[in-house]
Each structure stands twice: as C-alpha cells, then as structure tokens.
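Heads up: the structure comes next, in structure tokens.
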Amino acid sequence: MATAIVTGASQGIGACIAKRLAKDGFDVVINHYPSDSDKEKALAVAEECRAFSVKAECYSADVSKFEDCENMVKQVKADFGTIDALVNNAGITKDSLLARMTEDAYDAVIAVNQKSVYNMMKHVCPVMMKQKHGSIVNVSSVAGLYGNAGQVNYSASKAAIIGMTKTVAKEYGRKNITCNAVAPGFIHTPMTDVLSDELKAKMLEAVALRRYGEPEEIASVVSFLVSENASYVTGQVIEISGGLSM
Ligand code: NAD
C-alpha cells in the first residue's frame, strides 16, 4: 500500500486532501500542529480516512521546526515502510499592509509556509530517492503568483514555494520523483471564513466562475498529481482559482 503524508491536515484543505487520498487507497499520515485542539480534530480526520479501509495515523509536529520534521519522517518511515507522496499543505496568514507589518509577523509566516516545505522535502526526498519513486505537491497560492495587498509575508512565502517546486523537480527528476505545486484562489475554509463580507464580495467579482472554491476541488487536483495519471507532469504550478486570472 502506498503512503501519503499531508501536513497541516487537522482541518480545511489539508483534512480534505487526507480524506481524498484515503479514498484513492493511500495509507495516510495526518500531520497536525502540536496543540490539543488540532490533535482532537486530526483524530477525527483519521477516523474518517479509516472508513476507506486504509491505515491512517496522526503525527504531531510543528513543521516550521527542522527537528520536528526530521523526527516525524523517521517515525513515519518506521511505521509505514514507504513514503510515496508528500503534500506540503500547512500554512498560516498574518495579514497587514507592509507599513504596519511587524518583523515577527513576517518571520512567522515565512517559517510556517516556506521553511516547512524545505524541512519536509529535505527529509522525505532521501527516502523517495532510495525507493526510486515519489510525488510531492506543494500548496502555494494565487498570492504567490500575482501578489495581494496586505500579504507581503504570505505572498513571499507562496512565491518561494513555486521556485522551490521547480528546483526540486529539476534536481530529483532523474530519480523518478515529481514535484508540482497547486495555487488555490479563494477557497471556503476556516482561513477565509474570517474575512469581512465586503472583502469576500469584492474578491468574487474577479473570479470568472463567481463563487468560492471548495476544499474538495483542491483535493481532486492533488489526487491527480500524486497518481500514475500525472507520471509525466513535474515542475508545474496548477492554478485552481475559478478563473481568477487568464
Ligand atoms: P486552515 O487554516 O484551515 O488550515 C491550515 C492548517 O495548517 C491547520 O490545520 C493548521 O493547524 C496547520 N498548521 C499551521 N501551522 C502549522 C505548523 N507550524 N505545523 C503543522 N501544522 C500547521 O487553512 P486552509 O485554507 O485549509 O489552508 C491550507 C493551505 O492552503 C495553506 O497552505 C494555505 O496557505 C493554502 N491556501 C488556502 C487558500 C484559501 O482560500 N483557503 C487559498 C490559497 C492557498
């Protein structure tokens, strides 16, 4: 059975990706932030995954921390045997205009959104190399492609992920490891629920399909990218935004 790790999978898009990959037949590693509330939510996600008759276990790790990722990957390799897919989904926002953005807010978003992708790929790639196969999907954002006022930290982290994705695709292609990114637009999750109704309405005016995306619509593209159907796709960024920019 193939194994997939999904970071930040206790809720939102990550939880949905974990469930979709379980439905596809992957054993799933549900990474969650080390807090009681995230653990509780992750356990519920694992339960839903097991309904598809696959193995699903929760692993607590702050993916912004190098050692946490190293320990988690070692443990997963020992528990599951192989690591066939990695989905770097964990992310946070700490929005404000540059003029008001503190150094702490900048550093925190870079650590969780960008450094985590390095931390995870650094430890998972050697495992995939030995197996001579693997697929990585990094969750970027339209903010990384086009920028977004109030998100200098977030857009920097998400643009960096795109550069990292293309670089890893080039470095590991000969080892039969694919590395792609998805760039979601406005998706219904706890991350976007906090936005004001006025801002939500304004954002939708720019979306050709005139609606928010659902987490399942991100999960279905990730499902494709980690499947055999995408075996000749690497180094690509797939925008999933309902036609935000064309
Ligand atoms: P969310 O806030 O619902 O989920 C984020 C998850 O990441 C949570 O489970 C959280 O606990 C986890 N997380 C945060 N910090 C972590 C850490 N240090 N270690 C481990 N886990 C951590 O948000 P979401 O909307 O589901 O976002 C998922 C991903 O999709 C993020 O990378 C986000 O930037 C990206 N994205 C979301 C949207 C959107 O509209 N919702 C758009 C573009 C990109």
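No value in this document is a laboratory result; all are computed from the given coordinates. Just so we're clear, the structure is a prediction, and the values are computed from it rather than from any experiment. Methodologically, a virtual Cβ is constructed for each residue, glycine included, from the backbone with ideal geometry; neighbour enumeration extends over all protein chains shown.
Just a few scattered comments:
- Alpha-carbon centroids, segment 167-246 and segment 1-51: separation in whole Å: 19
- Close amide-amide hydrogen proximity is noted between Val237 and Ala181, each under 5 Å apart and 5 or more residues distant or on a separate chain (H modeled in the peptide plane; Pro and chain starts excluded).
- Principal axis box of the chain, alpha-carbon based, largest edge first, Å: 48, 39, 36
- Partner lysines for Lys77 [C-alpha distance under 22 Å; skip if fewer than 8 residues away on the same chain]: Lys19, Lys23, Lys39, Lys55, Lys65, Lys115, Lys122, Lys130, Lys132, Lys175
- Put simply, segment 144-246 fits an ellipsoid with semi-axes of 28, 16, 11 Å; these come from the alpha carbon gyration tensor as the roots of five times its eigenvalues, largest first.
- Residue-by-residue Karplus 3J(HN,Hα) for segment 115-127, coefficients 6.51, -1.76, 1.60, Hz, glycine and proline x: 4, 4, 5, 4, 3, 6, 5, 4, 8, 7, 4, x, 5
- Computed over segment 111-227, relative contact order equals 27 percent, with contacts defined as Cα pairs under 8 Å that lie 6+ residues apart.
- Stretchable slack from Gln236 to Lys94, in nm (0.36 nm times residue separation minus alpha-carbon distance): 48.4 nm
- Paramagnetic reach from Ser220 (point 7 Å along Cα→Cβ, amide N under 19 Å) across segment 2-46: 12-26
- Approximating the spin labels as points 7 Å out from Cα along Cα→Cβ, the Thr102-to-Asp193 distance works out to 2.6 nm.
- As a calculated quantity, the FRET efficiency between Ala206 and Glu228 at R0 = 45 Å, using C-beta atoms, amounts to about 0.80.
- The chain: relative contact order as a whole-number percent, Cα under 8 Å and 6+ apart: 19
- Once the C-beta distance of Lys132 and Leu43 is scaled by a Förster radius of 30 Å, the resulting FRET efficiency is 0.35 to the nearest 0.05.
- Residues Lys74 and Glu171, FRET efficiency given R0 of 25 Å [Cβ-Cβ distance, rounded to 0.05]: 0.70
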